[in-house]
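A short write-up of the structure that comes next.
The values are calculated or read from the model by the stated rules, or taken from the named source; none is laboratory data. Every value quoted in this text rests on a predicted model; they were computed, and no experiment measured them. Here the Cβ is made from the backbone with ideal geometry for all residues, glycine too, and neighbour counts use every protein chain on show. The accessibility values were calculated without ligands, DNA or RNA, using every heavy atom of the protein model including side chains. Shrake-Rupley method; radii C 1.70, N 1.55, O 1.52, S 1.80 Å.
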Amino acid sequence: MKISQLFKNKNDKPIISFEIFPPKKEEAFENVGIMLKELSYLEPKFISVTCGAGGSSNRNKTIELASKIKNEFNIESMAHMTCISSTPDSVLEEVKAIQDEGIENILALRGDIPKEGFEPEKASYSHAFELIKEIKTNSELCVAAGAYPEGHIECDDFNKSIEHMKIKEEAGADFFVSQLFFDNRYFYRFFEAAEKAGITVPITPGIMPMMSKSQISNMIFMCGASLPSEMVRILYKYESSPDDLLKAGIEYAGRQISDLVKNNTCGIHLYSMNKPEIAKQLLEYV
């Protein structure tokens, strides 16, 4: 089923989804079924699978994992797909591989710009909307796109980020999944701006629990999410106690989720970090 249809068919409850990544080590990948079985007990409406690192070989792992979710656990899956280093031929080849596995959903992203050897003038795709358009022209797949509640880290103008989002919708994006954020006020401001810009497809907020100081530091530099003072105090208070920090982080994310549900968001997308036990605890707040 296309995930866009899930949003159309939803009742009063938000569409719950998880995001996971292909394990880097082969032996860990072989045991991924255990994780998926535990996640399946939580009855998410869909699970998205990131590309991660590792180039084309890891893309195959993305498709393999998305196929396992769909065909062995009967849960809708969404394969992430990036385009910054792709050609039209490689995009069509990947789309075909995804379709051959019965997967009906793709999250289309530009991807991180390679640090070495990248020549922008030779790139076939420079923006996610170009990938969205390519997929939509050559398939009937449901295509999701990324959204940035605090604006894209490479864009200093928040309004420009909203304009780019509108372009993605016009290119064929069926719904949006937001990047993580730690202050719901940013999401509500962003959602209101998107509506004013004429964006009509669903926007599901992405929530990631705070699990360690290093994890939060990486997220800040990777995506530019702001840290509220309450979270800073939590990090300071429990810096030397990983277990207490994890507990406080889950409680903080839980409060975010409860508030989002109270304000009738269409979904909750949990960056579950391949940890079913974390996802289970967070669902108690829905």
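Only one of (1) over 16 Å from the mean Cα position of the chain (by Cα); (2) within 21 Å of Ile278 (Cα to Cα); (3) open to solvent by less than 80 Å² (accessible area, probe 1.4 Å); (4) free of Cβ contacts under 8 Å to residues at least 40 places away in the same chain fails for Leu39. Which number is that?
Result: Leu39 passes all but (4).
Among the residues of region 124-150, which ones are among the small types (Gly, Ala, Ser), over 13 Å from Val95 (Cβ atoms) and buried (at least 16 other Cβ atoms within 10 Å of the Cβ)?
Once the filter is applied, which keeps residues that are among the small types (Gly, Ala, Ser), over 13 Å from Val95 (Cβ atoms) and buried (at least 16 other Cβ atoms within 10 Å of the Cβ), region 124-150 yields Ser124, Ala128, Ala144, Ala145, Gly146, Ala147.
Only residues in region 102-122 that are on the phi > 0 side of the Ramachandran plot count as the first member; pair them with residues that are of a type outside the set (Gly, Ala, Ser) and surrounded by 12 or more Cβ atoms within 10 Å (Cβ to Cβ), Cβ under 8 angstrom, at least 6 apart or cross-chain, and list the lot.
Gly102/Lys70; Gly102/Asn71; Gly111/Cys51; Gly111/Thr82; Gly111/Cys83; Gly111/Ile84
Output the residue which, of all residues in region 84-111 that are surrounded by 14 or more Cβ atoms within 10 Å (Cβ to Cβ) and small (Gly, Ala, Ser), is farthest from the chain's Cα centre (by Cα).
Among them, the one singled out is Ser90.
Which pairs do you get when a residue that is closer than 20 Å to Val177 by Cβ, found in region 11-29, comes within reach of a residue that is among the charged types (D, E, K, R), reach meaning Cβ atoms under 8 angstrom, with the pair 6+ apart or on two chains?
Ile15/Lys45; Ile16/Glu43; Ile16/Lys45; Ser17/Lys45; Pro22/Lys61; Pro22/Glu64
Please count how many residues of region 169-184 are in contact (Cβ under 8 Å) with a residue 60 or more places away in the chain, closer than 26 Å to Lys2 by Cβ and of a type outside the set (Gly, Ala, Ser).
Of the residues in that region, 4 qualify.
Only residues in region 202-226 that are free of Cβ contacts under 8 Å to residues at least 40 places away in the same chain count as the first member; pair them with residues that are open to solvent by 10 Å² or more (accessible area, probe 1.4 Å) and β-branched (Val, Ile, Thr), Cβ under 9 angstrom, at least 6 apart or cross-chain, and list the lot.
Going by the 9 Å Cβ cut-off, the qualifying pairs are Phe221/Ile153.
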